[in-house]
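Each remark here refers to the structure printed beneath this line.
The values are calculated or read from the model by the stated rules, or taken from the named source; none is laboratory data. Because the structure is predicted, anything quoted here is derived from the model rather than measured. A quick note on method: Cβ atoms are made from the backbone with ideal geometry, for glycine too, and the neighbour counts reach across all protein chains shown. For the accessible areas, the whole protein counts, side chains as well, though only heavy atoms, and no ligand, DNA or RNA atoms are used. Shrake-Rupley method; radii C 1.70, N 1.55, O 1.52, S 1.80 Å.
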Amino acid sequence: QGEDNIEHLCLTCTKLYQALDEGNMLGKIFKRRNVLLKTLYKLVDIDSDPLSLKLAEIILAMKVDGKHLLSVCKLAFKICRNQENDFIVQNDTLLDYLLQVLWNEDLQTNNEALVYCMAAIKFMSGKDRLLDKMVSKGAVEIFLELLKQINNVKEHDTYFSKLGHLLVQLAATLRVLADCAPARRRLSDSAAVPELCVALEQRSSDKDVCICIVRVLSKLSTYNDFCAALADCSRCYILFLALLNKYQKQQDLVIRIIFILGNLTAKNDQSRAQIFKEKESVNTLISLFQTYYELDLNAPSWHHDREGKNHLKYPSEAEDVLIKLIRVLANLSIHPRVGAALAAAHPVVGLLVTVLEYKSVDACEELVINAAATINNLSYYQVKNSAVQDKKLHIAEMLLKLLMSDNMDAVVEAVRVFGNLSQYHEIRDFIMQKKIYKFMIALLDSKNREVCFPACGVLLNLTVDENKRAFLMEEGGIGKLVDCLQDFGPADWQLSCLICKTLWNYSESMTSTAACFGGDTNTLLLLLAALLDEEVELECSLDRDIKDCQRVYWEREFKPVAEKLRERIQSHRSS
């Protein structure tokens, strides 16, 4: 009986709405409006969501205000929050009226009603069908107009703090919209990023608002156009650094800001310089690094599942911050001036080395590899007071651990660092003493350019010392270098050039080709002849720009050293 009754009431409400609409009696002009509203509010007490939805649509259509608007917005929120109502909410009439409330109502007078209205819309935005309708109905523009209105209310205004709740709901809705391509286009056209930055700066004392806005920005920063818009907000860097200082142990806020900074510095040299230029920026990053390193040291790395079994939690929250923080340092170090300054920053290098000391690659692969990659970037800079240079032997000891791991990415990263550090004679001695050169020669068999190139770079540096050259013959290194030249040849003139330079250094004091190159002499001569053929360097790439670039490299870099090497071998053949 109850269900039939409710169904009958729902049908009656639908007819009532149609009659009011057809008679032009919606809004405030209907004479018996107050009597009708009292009756509708009594029906709300029946506590049926399908009926409440019908009632809410009529009440909103009657353009109520004050406490009536608040109660109907609460009713809409209650309906939309309940997932069981997903199907009945798919009808977009309620959405239309709620968007009208946001557009028409005064922020100061109806702040609380707008909070419930916005919260109801947030739940609706989680439904794909309604999300598309929302965008097509201009919701993005309405939300941003609301954001501008909120931003126009300054801190000394009495109701400034009350708007925090509305801003939380608004930002949470924008976060959902950030995943939707049509919505993103409109967010971009409406200059959402500068307004979000203004809100973040004005509300920096409200942690909940900050977290919600940073969530939106962190999602948007994964897209190039939004990243560029953020980079254009000159105050964003100082703002993010201030928030990192203020909320240093607020992991959910810190990790997102660090993620944004990582995206900003991934491709933009200007952003790298700008962050570095901000006062105390490096100290802020060092302080964060120290905080989360200590948290990680003291954090239990095991957690229990429901059956009481232990599992390694990877990565831990602290590790996750460190991974993203090191990514920022790696990106910053790409900028020549910033990289040179960071290479001389002892606390930065010290913390990176500490990561290699206390973390194994098995325990947290991404963290260790990121730390090694950043040390590699910094080891490129040969600057006065270089912290990398000071710690080079200790770094080499840590890299040895990575070389011995089963993780190929870690091995490659370690080899790259050795490529830079082996410019120092102490490291070349270390490589010989620890027999690391055998490992480098073995890596030439990998047939992988990413592995062969840095390994060959280390071998080239080793051949600078006359007393270290014989090792190449011992380990079958000459044959492997020739194989490498054959494998890559015209496909990679940089690697081919590196191999020829290594062989050139190695053969500097040779007396006969047989003693120097053994059975590989003929293969090498034939290869060099083929690679020096004017036609050969044109075969490897179809792309015109790449082809032009490779031709220049072949002409300027490869050809001179390959010709000299061939002449040297030929002139000693009879010896």
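Key figures
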{"read-out": "First in the stretch 312-324 and open to solvent by 90 Å² or more (accessible area, probe 1.4 Å), second anywhere and assigned to a helix (DSSP H, G or I) and at pLDDT 90 or above, Cβ under 6 Å, 6 or more apart", "value": "317/251"}
{"read-out": "Every pair of residues 6+ apart whose Cβ atoms lie under 8 Å, when the first sits in the stretch 292-303 and is more than 16 Å from residue 325 (Cα to Cα) while the second is exposed (fewer than 14 other Cβ atoms within 10 Å of the Cβ) and at pLDDT 85 or above", "value": "297/358"}
{"read-out": "Of residues in the stretch 117-144 being in a helix (DSSP H, G or I) and small (Gly, Ala, Ser), the one most open to solvent (accessible area, probe 1.4 Å)", "value": "136"}
{"read-out": "Every pair of residues 6+ apart whose Cβ atoms lie under 6 Å, when the first sits in the stretch 231-253 and is surrounded by 16 or more Cβ atoms within 10 Å (Cβ to Cβ) while the second is part of a helix (DSSP H, G or I) and among the small types (Gly, Ala, Ser)", "value": "231/271; 241/281"}
{"read-out": "Among the candidates 196, 114, residue that is open to solvent by less than 40 Å² (accessible area, probe 1.4 Å), within 21 Å of residue 219 (Cβ to Cβ) and in a helix (DSSP H, G or I)", "value": "196"}
{"read-out": "Single condition residue 158 does not satisfy, out of (1) assigned to a loop (DSSP other than H, G, I, E, B); (2) open to solvent by less than 50 Å² (accessible area, probe 1.4 Å)", "value": "(2)"}
{"read-out": "Filter result for residue 489 (crowded, with 17+ Cβ neighbours inside 10 Å and of a type outside the set (Lys, Arg))", "value": "yes"}
